[in-house]
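Taking it in order: structure first as structure tokens, then the write-up.
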DNA sequence: AGCGCAATGATTGGATCCAATCCAGCCTTT
DNA sequence: AAAGGCTGGATTGGATCCAATCATTGCGCT
């Protein structure tokens, strides 16, 4: 199954994995050969990826892989906190639907169960990451704003900035306390949403972006 | 001069002007004929415009012009306020450079001069709009964050959400008071930046997005 | 007469071809 | 010997060709 969308997908992966080095110039024929497609889908994918922020136009000829500084990642995380805070406030102002609260509370129990375990394995990392991703997605979708969702999706393309990147394989000794703290925040957020405390939930959500920074600071 | 970038540019214009109706399906050959190019640059531009948010993938076949509800526009403006608030705070925290302050104060005097005139003509609208655009651009660039700038640029693609759209030709009787208010905020923002009042400048900047809503509410 | 299936036209997607541009290396000339 | 220009290769950009898919229409069957 090819198609320029899949090409874009694979290129994204290759960039994130570092198979395409930051600053590297992307030659269309080379990429086409590497992915086993013709130049056409490549030429559709490259401008789209440039709009996405993963590539940069090199002069007027071709594209280079954009590099992300640690500061870029931190900025993206801060941006995410801000936008999710806005989304959460919107939900609180309008009042959360019962199903939304139910789904969120499901996430809470799942997280509780994972963190209650004595030993923390890599499978737990993955399932926490999944749960976390769902939690954040619920908030975004709950705000029912295409604009917020779009802007967040755009922001999520910078490496490590997405909510799914919280539990990015680290020493459990440093990861666990952070996840415990972050999950306490999840509880507080749901509580604030249930109580329609708009300002509080916005502040919480905004602050909730910082634990990720801690995990990453060691990595970067 | 053709090139897929120009094609994207022209398509953007056509969409904003309403020459391409929201929901309309975009046929590649028709567009190619209309713009006098082959299908190739069209096929490069369409996915990029889709990433930009102006188009939406229609099923798995082709694209449609995306429609923006009044709520979308309001959300985008709110998002802009939030992001510019973040940028302004960043500047205040790090301390504004003297040139930045100088450039900002230049904008202030220009605005003062425009608004001091007894009669408000369409040329004044344009120059105020220019000044306003520069003011906001200075804030964004002053934060020196590629991520903030990118996210804002992305957001600016939704119609009327950009800072340049403040003075979108309205009855001067309703426009003038709003611009006066907005420009007072400009003064306050520069003052707060000079004093490094981070929290204040963030709140100001955030609030500064609302006057635009007022102008537009009548239009939408 | 209505429903369904098949065939044809339209449209997208992939591949290839051709032209224009750019870069590098080499040669010539001063 | 250095500098400038020229030529050849590489690479991008535009256009066209071919295949696959989708939709629509018309015909046949029940």
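The values are calculated or read from the model by the stated rules, or taken from the named source; none is laboratory data. This one's a predicted model, so the numbers in the text were calculated from it and none came from an experiment. Cβ sites come from the backbone with ideal geometry, for glycine too, and all protein chains shown count toward neighbours.
Can you tell me which residue within the stretch A:43-62, out of those that are touching a helix residue (DSSP H, G or I) at 6+ places or on another chain (Cβ under 7 Å) and near DNA strand D (Cβ under 9 Å from one of its atoms), is nearest to residue A:6 (Cα to Cα)? Walk me through it before giving the result.
Within the stretch A:43-62, the subset touching a helix residue (DSSP H, G or I) at 6+ places or on another chain (Cβ under 7 Å) is A:43-45, A:47-49, A:51-57.
The next check asks that each one be near DNA strand D (Cβ under 9 Å from one of its atoms); those that pass are A:43, A:47, A:57.
Values: A:43: 13, A:47: 14, A:57: 21 Å.
Per the criteria, the residue is A:43.
Residue check, residue A:158 against (1) in a helix (DSSP H, G or I); (2) farther than 19 Å from residue B:78 by Cβ, all met but one. Which one?
Going through (1) in a helix (DSSP H, G or I); (2) farther than 19 Å from residue B:78 by Cβ one by one, residue A:158 breaks only (1).
Residue by residue, here is whether (1) touching a residue at least 60 places away in the same chain (Cβ under 8 Å); (2) under 24 Å from residue A:49 (Cα atoms) holds:
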position: A:140; (1), (2): no, yes
position: A:148; (1), (2): yes, yes
position: A:153; (1), (2): no, yes
position: A:164; (1), (2): no, yes
position: A:180; (1), (2): yes, no
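Could you check the stretch A:116-137 and list, in sequence order, the residues that are more than 13 Å from the chain's Cα centre (by Cα), in a helix (DSSP H, G or I) and surrounded by 15 or more Cβ atoms within 10 Å (Cβ to Cβ)? Even if it seems obvious, please write down each step before you answer.
Looking only at the stretch A:116-137, we keep the residues that are more than 13 Å from the chain's Cα centre (by Cα), and these are A:116-128.
Checking which are in a helix (DSSP H, G or I) leaves us with A:116, A:122-128.
The answer is A:124, A:125, A:127, A:128.
Going through the stretch A:143-175 one residue at a time, which ones are over 27 Å from residue A:71 (Cβ atoms) and surrounded by fewer than 22 Cβ atoms within 10 Å (Cβ to Cβ)?
Restricting attention to the stretch A:143-175, the residues satisfying the condition of being over 27 Å from residue A:71 (Cβ atoms) are A:143-146, A:172.
Once the filter is applied, which keeps residues that are over 27 Å from residue A:71 (Cβ atoms) and surrounded by fewer than 22 Cβ atoms within 10 Å (Cβ to Cβ), the stretch A:143-175 yields A:144, A:146, A:172.
Select, from A:102, A:25, A:10, the only residue that is away from DNA strand D (no atom under 16 Å from the Cβ), more than 14 Å from chain B (Cβ to nearest Cβ) and in contact (Cβ under 8 Å) with a residue 12 or more places away in the chain. Write out each step before concluding.
On the way: A:102 fails: in contact (Cβ under 8 Å) with a residue 12 or more places away in the chain; A:25 fails: away from DNA strand D (no atom under 16 Å from the Cβ).
Going through A:102, A:25, A:10 in turn, the sole match is A:10.
Return the only residue of A:83, A:35, A:16, A:74 being in contact (Cβ under 8 Å) with a residue 24 or more places away in the chain and within 29 Å of residue B:39 (Cβ to Cβ).
Numbers: A:83 fails: within 29 Å of residue B:39 (Cβ to Cβ); A:16 fails: within 29 Å of residue B:39 (Cβ to Cβ); A:74 fails: within 29 Å of residue B:39 (Cβ to Cβ).
One residue alone meets the criteria, A:35.
Do we find a residue being modelled with pLDDT of 95 or more and either more than 14 Å from every other protein chain (Cβ to nearest Cβ) or out of contact with any helix residue (DSSP H, G or I) (no Cβ under 7 Å at 6 or more places or on another chain) (or both) anywhere in the stretch B:79-87?
So in the stretch B:79-87, the residues modelled with pLDDT of 95 or more come out as B:79-87.
Now narrow it down to the ones that are either more than 14 Å from every other protein chain (Cβ to nearest Cβ) or out of contact with any helix residue (DSSP H, G or I) (no Cβ under 7 Å at 6 or more places or on another chain) (or both): none.
Checking the stretch B:79-87: not a single residue is modelled with pLDDT of 95 or more and either more than 14 Å from every other protein chain (Cβ to nearest Cβ) or out of contact with any helix residue (DSSP H, G or I) (no Cβ under 7 Å at 6 or more places or on another chain) (or both).
Among the helices (runs of 4 or more DSSP H) contained in the stretch A:1-111, which hold 1 or more residues that are within 16 Å of DNA strand C (Cβ to nearest atom)? Explain how you work it out, then say what you get.
Numbers: elements: A:4-17, A:28-35, A:39-52, A:70-94.
Qualifying helices (runs of 4 or more DSSP H): A:4-17, A:28-35, A:39-52.
Go through the stretch A:32-42 residue by residue and tally those that are surrounded by fewer than 22 Cβ atoms within 10 Å (Cβ to Cβ) and within 11 Å of DNA strand D (Cβ to nearest atom).
Count: 5.
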